[in-house]
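A quick write-up on the structure given underneath.
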């Protein structure tokens with residue numbers, strides 16, 4: 001029987017939940033990295049036991065952790081345990097924690113500035129890694145989305161990281177601004193059909209596409225409308241909360257924006273709103289069913305200032321038509337006095353025949369539906385605030 | 001010189017050590033050479049105390065030696081004799097903030 005492993009990043013550590021394919025009984029291990037915020041963990045598609053984690057806090061900065069045994073044990077890539085030595089492959093020690101913007105005249109761009117909340121210009125400053133996206137083909141290659149917004153990549157299993165400076169060097173970068181959570185690059189999608197094609201999303205800049213493995217980038221925000229910026233239809237400046245894609249149809253993208261749920265059928269060249277009958281089109285995560293590319297999920301949140309479900313009812317909304325028409329999924333979810341939030345990276349699906357849907361809340365609950373959202377179970381109730389969920393089908 | 005260094009809880013976990021470590025620090029023993037020794041012997045801590053590039057103290061990290069605040073001292077600041085002799089530890093602390 002196949003099994004499922006959930007990687008849960010929380011405000012105060014990481015947890016690994018495992019179950020067999022029935023998804024009824026779960027073992028929970030952790031916390032790993034107790035006291036640290038684990039923004040994201042994700043396993044390699046070609047080596048599921050190879051998992052990368054972004055571990056961070058405001059006091060001591062950014063740490064990259066790696067597991068080669070499915071999350072049972074962890075280490076910092078290239079750093080021998082408690083020894084005074086360079087790493088076995090000769091890399092300088094401590095490089096796995098090092099995220100430095102590329103400022104060389106030859107390969108990078110001058111660091112420059114970006115817009116701050118008050119409209120002033122601020123220099124770029126690295127804060128943390130929000131999202132890790134392992135390569136579809138090479139377990140040693142991983143992309144990292146950073147705050148302040150930039151894309152980094154390792155090709156040596158996390159031992160060292162280097163910026164792909166073409167993104168931050170885009171001519172529009174001076175107009176990018178932070179969202180409430182900071183100016184974060186939070187979504188990275190890799191196109192399985194066109195290996196050089198990547199999509200990223202930044203709050204608050206918008207969505208960008210590269211067709212040359214991250215060398216150059218194009219803003220793809222046509223059709224977005226954001227009343228909270230001076231030019232509501234600007235090329236950049238939109239607060240995109242997350243984008244999602246089905247691997248079988250990588251030119252179709254779905255977006256949960258600050259307000260509005262959107263879709264694109266042309267690899268982001270244009271977008272149209274598909275919020276339809278949602279009770280609120282504000283929210284953070286958006287996810288696509290593993291086997292039905294037109295079935296998508298969102299979790300509506302009341303508003304940009306009231307980050308909890310409308311009416312205190314935790315409802316996942318599912319559309320089987322790629323948007324516009326939505327149904328509330330409530331069976332097993334709290335339908336009164338629920339005031340948690342579900343953050344942008346805290347929803348995922350498995351690939352079992354009966355697709356499982358998972359999400360975590362800022363209240364520390366992890367919910368699973370083993371039947372595409374029809375019924376929900378609470379599989380963890382009292383974790384720290386959940387920042388991210390990834391699911392591995394083993 | 002063998003210097004005792006007390007680490008904050010977050011960094012103990014990273015370095016996989018207890019609350020206190022002993023380091024052989026080259027002379028002259030200064031704030032900078034103590035921190036160099038910490039990072040050299042425990043490379044997992046590179047970047048957690050000082051910025052990788054600028055070598056500046058991270059804003060929410062504090063240093064204390066024999067009751068004196070060394071957080072704002074230059075890297076070549078001499079360390080008190082009581083720390084050099086091992087009678088007192090050099091303390092690296094996460095600033096109290098938000099708790």
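The values are calculated or read from the model by the stated rules, or taken from the named source; none is laboratory data. Only a predicted model underlies this, so the values are computations on that prediction, with no experimental measurement involved. All Cβ positions, even for glycine, are placed from backbone atoms using ideal geometry, and neighbour counts span all protein chains on display.
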*All positions within segment B:1-32 that are free of Cβ contacts under 8 Å to residues at least 40 places away in the same chain, away from every other protein chain (no Cβ under 13 Å) and either surrounded by 20 or more Cβ atoms within 10 Å (Cβ to Cβ) or in contact with a strand residue (DSSP E or B) (Cβ under 8 Å, 6 or more places away or on another chain) (or both)*: B:19
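Does at least one position in segment A:87-100 carry a residue that is farther than 25 Å from residue A:12 by Cβ, modelled with pLDDT of 90 or more, facing another protein chain (nearest Cβ under 10 Å) and in a loop (DSSP other than H, G, I, E, B)?
Step one: of segment A:87-100, the residues farther than 25 Å from residue A:12 by Cβ are A:87-93, A:95, A:100.
Then drop every residue that is not modelled with pLDDT of 90 or more, which leaves A:100.
Keeping just the survivors that are facing another protein chain (nearest Cβ under 10 Å) gives A:100.
Cutting the leftovers down to in a loop (DSSP other than H, G, I, E, B) gives us A:100.
Within segment A:87-100, one or more residues are farther than 25 Å from residue A:12 by Cβ, modelled with pLDDT of 90 or more, facing another protein chain (nearest Cβ under 10 Å) and in a loop (DSSP other than H, G, I, E, B).
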*Any residue at all in segment A:67-83 that is modelled with pLDDT of 95 or more, assigned to a strand (DSSP E or B) and either out of contact with any helix residue (DSSP H, G or I) (no Cβ under 7 Å at 6 or more places or on another chain) or buried (at least 21 other Cβ atoms within 10 Å of the Cβ) (or both)?*
yes
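Which residues, taken from segment A:182-211, are in contact (Cβ under 8 Å) with a residue 24 or more places away in the chain and part of a loop (DSSP other than H, G, I, E, B)?
First, pick out the residues of segment A:182-211 that are in contact (Cβ under 8 Å) with a residue 24 or more places away in the chain: A:182-195, A:197-210.
A:183, A:191, A:192, A:193, A:194, A:195, A:197, A:204 - these are the residues of segment A:182-211 that are in contact (Cβ under 8 Å) with a residue 24 or more places away in the chain and part of a loop (DSSP other than H, G, I, E, B).
Residues checked against (1) in contact with a helix residue (DSSP H, G or I) (Cβ under 7 Å, 6 or more places away or on another chain); (2) buried (at least 20 other Cβ atoms within 10 Å of the Cβ):
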residue	(1), (2)
A:195	no, no
A:204	no, yes
A:215	yes, no
A:236	yes, yes
A:250	no, no
A:269	no, no
A:279	yes, no
A:285	no, yes
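Please enumerate the residues belonging to segment A:14-45 that are more than 14 Å from chain B (Cβ to nearest Cβ) and within 14 Å of residue A:130 (Cα to Cα).
Going residue by residue through segment A:14-45, those that are more than 14 Å from chain B (Cβ to nearest Cβ) are A:15-29, A:39-45.
The answer is A:39, A:40, A:41, A:42.
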_Please verify whether residue A:186 is surrounded by 17 or more Cβ atoms within 10 Å (Cβ to Cβ) and under 16 Å from the mean Cα position of the chain (by Cα), treating the condition exactly as stated._
yes
_Filter pass, residue B:40 being within 28 Å of residue A:126 (Cα to Cα) and at pLDDT below 95_ = yes
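For segment A:46-53, check the following and say yes or no: at least one residue is assigned to a strand (DSSP E or B), within 14 Å of another protein chain (Cβ to nearest Cβ) and under 21 Å from the mean Cα position of the chain (by Cα).
yes
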_Top-ranked residue in segment B:37-61 [being more than 10 Å from chain A (Cβ to nearest Cβ) and touching a strand residue (DSSP E or B) at 6+ places or on another chain (Cβ under 9 Å); ranked as nearest to residue B:79 (Cα to Cα)]_ = B:38
*Applying the selection to segment A:328-346, what residues are part of a loop (DSSP other than H, G, I, E, B) and over 15 Å from the mean Cα position of the chain (by Cα)?*
A:330, A:331, A:332, A:333, A:334, A:335, A:336, A:337, A:338, A:339, A:340, A:341
*at pLDDT 95 or above, within 21 Å of residue B:44 (Cα to Cα) and more than 14 Å from every other protein chain (Cβ to nearest Cβ), is that true of residue A:6?*
no
_Residue ID - nearest to residue A:317 (Cα to Cα), chosen from residues in segment A:363-372 that are surrounded by fewer than 23 Cβ atoms within 10 Å (Cβ to Cβ) and in contact (Cβ under 8 Å) with a residue 40 or more places away in the chain_ = A:372
*asked:* Taking the criterion of being more than 30 Å from residue A:237 (Cα to Cα) and modelled with pLDDT under 95, would at least one residue in segment A:108-124 satisfy it?
replied: no
_Test set (1) more than 18 Å from the chain's Cα centre (by Cα); (2) without any contact (Cβ under 8 Å) to a residue 24 or more places away in the chain - residue A:377 fails condition number_ = (2)
